[in-house]
Amino acid sequence: MDNGGSAHSGSSRNNSGGLLRSVSASELAQYLALTVALGGLQFVWSVETGFGSLYLLSLGMKKSLVSLVWLAGPLSGLITQPLVGILSDNCTAKLGRRRPYIIGSTAVVVLCLAVIGWTRELTGGRSVPTIWLAVIAFYVLDFAINCIQASLRALIVDSLPTSRQDAGTAWASRMIGAGNVAGYLMGFLDLVRLLPLLGSTHMQVLTSIASLALVATVATTCYFTTETPLARLPTLSNGTNDSSGSLRALGSIFTSIRSLPAAIKGVCRIQLFSWIGWFPFLFYGTTYIAHLYVAAHAGQGGHGSSTEHADLMEKGTRAGSLAMFAYALSSLSFSVILPLFAYSSASRSVLRQRESRSHTMSTLSRIRLVLRKARRAMSVSLSKMWMVSLCVFSVAMLLTFVVTSVRGATWLIAACGFSWAVTIWVPFSIIGETISDYNSAEQPLHAEGRGDGYVPIDSTDIPMEELSAGERVGDSGQLEDPASDDAEDARRRRLSSAGGLSAGTILGIHNVFIVVPQFITALASSLIFAFFERANGSAEPERSDSQHAHEIALVLCLGGLSSAIAAYYAWKLGC
């Protein structure tokens, strides 16, 4: 592929007259190939988050200890993503900067999934070794998943120009939504009966399908996405080369947070609070529904025989999978629709300037302007859409404390699909566009003598031919003359404030603000569960399932309060 160069210019000249810019076949193929691996990775992630807790509980672990197992996520994210970002930024392999890490980590994920699916068989059914092996496999799995995710996100930023970053992240969110739908659908089906050749238990078949999905999607992305290998740096007199500076940079990566562009700082602040709410939802959503189901069918007084309770819990797990499937389907639907009704402040500002010049436009251009104004009336800014989604998620999590029916809880979880669609799209869109814009700031966004450039961030708002040759959009959203001294100084200040950080590094820093909340959530939920275990005695089976659901709902409510704080910061981001 050509990283979108030819498709970028051809489409802009031929299809810029409509309300929405048409996507050429080559652009569509690039979006699909570039983002499909995220769908496969999300399938694996949904298997871990949706069924990992119940699987560990079935091995005999206490709920408070299961919470500590999920510290694997923040530990791996805190270490792996910044490290992989730095190393891949400076990788000189023939395959490119990102693909070696994607391929190697995929092999590790497949191995871990096999160990998780066949843990009992590998340990001979012994309880303690089985639990330890499963925990180690989940930890290594999280490290490998974070490595793939960091590389795939950086690959999108590397491969697309500023004007197509928003579309690229929108397609990534769609693929992630599709992976979620597939993962939770597989959990709802009777896989052992449908696919007996892949395993004798539900978890074995599920991990086998996840491995096949990841390998197929990663192979597609790596084969059809071309990277230009980074030139090797010359060897210095002391026998080393400048690439060793990347490792030194890892030690100072956290000090670089202060030099991040203001938009990325704002995104990181929002992520810090919003993910305190998302992690309990992702890890305990299925378990919450399962306990509500068992409580509704077994009553408050006792569980009957252990076999009857196990059968009810299996049905409850299916009910939980159905609720998460509804959430995933909702997320996928919104990820297709929402990008059509969002705009950036820069493109909105330029459109207003065009309105002021409408008296000089041709009749056809005026018609196009009227259509764009109609779309503008139905659209909201990226930051405002993010704020609304966080409010919806916060309310849904708070309501889990008072909802006691499986149907009501299922509706709450399904409503969170709207919030998730925005969460996996808007922050990465803002970051990707900011990085790409900073990296291209030394060059005019619209080449001299051509009118086929795009306006960041939303290329669909302003047709290409309506920008005069050499015009660009400044930080304030105003048109600038790139030849002016002020415009040049503004670009230099922008580059300086970026601190020279590249895609992998900035995405690694951003991920720190996603994984740190998981430390907070894991420790807080573990303390809450341990408190209730001690208060109700150590005999776990004697506690009612309604009590278990109530404990999980309390953790979800705390996440809802944190998401309300995130919504406030999202509102501030758009001010």
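The values are calculated or read from the model by the stated rules, or taken from the named source; none is laboratory data. Only a predicted model underlies this, so the values are computations on that prediction, with no experimental measurement involved. No Cβ is skipped: glycine too gets one built from the backbone with ideal geometry, and neighbour counts run over all protein chains shown. In case anyone asks, the SASA skips ligands and DNA or RNA and just uses the protein heavy atoms, side chains included. Shrake-Rupley method; radii C 1.70, N 1.55, O 1.52, S 1.80 Å.
Accessible surface for the range 129-212, divided over its residues, is 31 Å² per residue with a 1.4 Å probe.
Note on Leu189 and Ile337: the model spin-label points, each 7 Å out from Cα along the C-beta direction, lie 2.6 nm apart.
Given R0 = 51 Å, the distance between the Cβ atoms of Ala93 and His297 translates into a calculated FRET efficiency of 0.40.
Between Tyr223 and Ala262, what FRET efficiency comes out of the Förster formula 1/(1 + (r/R0)^6) with R0 = 35 Å and r the beta carbon distance, rounded to 0.05? Once rounded, the FRET efficiency stands at 0.35. Within the straight-line cut-off of under 28 Å between alpha carbons, the lysines reachable from Lys63 are Lys315, sequence neighbours fewer than 8 places apart in one chain being disregarded. With the Cα gyration tensor of the range 115-201 giving a ≥ b ≥ c as the square roots of its eigenvalues, does the rule (a/c under 1.5 for rounded; else a/b larger than b/c for prolate; else oblate) give rounded, prolate or oblate? Oblate, since a/c reaches 1.5 and b/c is not below a/b. Taking all protein chains as shown and a probe of 1.4 angstrom, His309 keeps an accessible surface of around 50 Å². Candidate cross-link partners of Lys265 among the lysines, defined by an alpha-carbon separation under 29 Å and a same-chain spacing of 8 or more, comprise Lys384, Lys572.
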